[in-house]
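Chemist: Starting off with a structure, shown below.
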Amino acid sequence: SSSSENKINIKRQETLKSEFTSNLLGCLSDEDFEFGIRSRSEMIIREQFSVNTLATRNWLNEIFIENFPNEKILLGLLRIIGRFEEEIIFPQGHTMALAALVHKNDEIKELGIRAFENWNSPNSLEVLKNVKIEANWLNEYLTQVIEDLTEEYVAID
């Protein structure tokens, strides 16, 4: 029943918070992320996705919000969530990437754009078409991603 599913998800989120958050935050704080190499943080998250996807997405979203001032944590989380398939991370991943686009740190904004680029979907295109970025270099990157996604998802008449 619905209420038993809710209880399962709530219990799992409580377990994630109590047993995995400090370990994940420690890894995110200590690791130097390299593109293409799976970090310890990513392995923790992938393992939790295999247990309960919904609870893990909610847990990550909560960590993201609670650590919004902590650039190191956000940079790590964004690098990781952008590597997941869109179906696994949606919709919380999109919400985190979108929130990244309003952060004061341009590298965090870049990783938000990169996540949408990696998901490579009509959803990504629609979100990015409605974003305004101030930094010239970042705006050029955003424009290029929008052009690439438009080429892929907008039919030529």
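Chemist: Which whole-Hz ³J(HN,Hα) couplings does the range 28-43 yield from phi under the Karplus relation 6.51 cos²θ - 1.76 cosθ + 1.60, θ = phi - 60°, glycine and proline marked x?
Modeler: 4, 6, 8, 7, 9, 7, 10, 4, x, 10, 6, 7, 4, 4, 5, 5
Chemist: Which net charge results when you count Lys and Arg as +1 and Asp and Glu as -1 among the other residues whose beta-carbon is under 12 Å from that of GLN13?
Modeler: Counting the neighbours of GLN13, the net charge comes to +2.
Chemist: Whole number in Å², please: accessible area per residue of the chain, 1.4 Å probe, ligands, DNA and RNA not counted.
Modeler: Values: 8720 Å² over 157 residues.
Value returned for the chain: 56 Å² of accessible area per residue.
Chemist: Same structure again: When the dipole is taken about the Cα centre of the range 1-149, and only Lys, Arg (+1) and Asp, Glu (-1) are charged at their Cβ, what size is it in debye, to the nearest 20? Walk me through the numbers on the way to the answer.
Modeler: Numbers: 16 positive and 24 negative charges, 99 e Å.
Result for the range 1-149 is approximately 480 debye, rounded to the nearest 20.
Chemist: Tell me, what ³J(HN,Hα) does each residue in the range 5-20 have, in order and in whole Hz, if you take phi through Karplus 6.51 cos²θ - 1.76 cosθ + 1.60 with θ = phi - 60° and put x for Gly and Pro?
Modeler: 5, 4, 5, 4, 5, 5, 4, 5, 5, 4, 5, 4, 4, 7, 9, 10
Chemist: Further question: Take the solvent-accessible surface of the protein heavy atoms, probe 1.4 Å, and return the percent of it on the range 68-125 that carbon and sulfur atoms account for. Display every interim value, and only then the final one.
Modeler: On the way: 1180 of 2280 Å².
Its accessible area is 52 percent carbon and sulfur atoms.
Chemist: So how much slack lies between LEU54 and ARG40, counting 0.36 nm per residue of separation and subtracting their Cα-Cα distance, in nm? Don't skip to the answer; put the middle values down first.
Modeler: Numbers: separation 14, 0.36 × 14 = 5.04 nm, distance 2.09 nm.
Here the segment from LEU54 to ARG40 would lengthen by 3.0 nm.
Chemist: Next question. Just how many % of Cα pairs in the range 85-155 lie over 14 Å apart, if you round to the nearest whole percent?
Modeler: Details: 1322 of 2485 pairs.
Distances greater than 14 Å cover 53 percent of the Cα pairs.
Chemist: Taking only the alpha-carbon positions of the range 40-115 and ignoring solvent, what does the Debye formula give for the base-10 log of I(q)/I(0) at q = 0.18 Å⁻¹?
Modeler: With no solvent term, the Cα-only Debye profile gives -0.62.
Chemist: For TRP137, what charge total do you get from the other residues with a beta carbon under 12 Å from its beta carbon, if Lys and Arg give +1 and Asp and Glu give -1?
Modeler: Details: positive: LYS109; negative: ASP106, GLU107, GLU110, GLU134, GLU140.
Net of charged neighbours comes to -4.
Chemist: Arrange the peptides 116-123, 22-29 so that the one whose residues have, on average, the most other Cβ atoms within 10 Å appears first. Spell out each step's value before the answer.
Modeler: Values: 116-123: 18.2, 22-29: 16.4.
Most protected by this proxy first, the peptides run 116-123, 22-29.
Chemist: Further question: For the chain, state the semi-axes of the equivalent ellipsoid (square roots of 5 times the eigenvalues of the alpha-carbon gyration tensor), sorted largest first and rounded to whole angstrom.
Modeler: Semi-axes, largest first: 28, 19, 13 Å.
Chemist: Relative contact order (percent) for the chain, with alpha-carbon contacts under 8 angstrom and 6 or more residues of separation? Present the calculation step by step, with values, prior to reporting the outcome.
Modeler: On the way: 131 pairs, mean separation 25.7, N = 157.
Relative contact order, the chain: 16 percent.
The values are calculated or read from the model by the stated rules, or taken from the named source; none is laboratory data. Bear in mind the structure is a predicted one, so any value in this text is a computation, not a measurement. Note that each Cβ is placed from the backbone with ideal geometry, even for glycine, and that neighbours are counted across all protein chains shown. Ligands, DNA and RNA are excluded from the accessible area calculation, which covers all protein heavy atoms including side chains. Shrake-Rupley method; radii C 1.70, N 1.55, O 1.52, S 1.80 Å.
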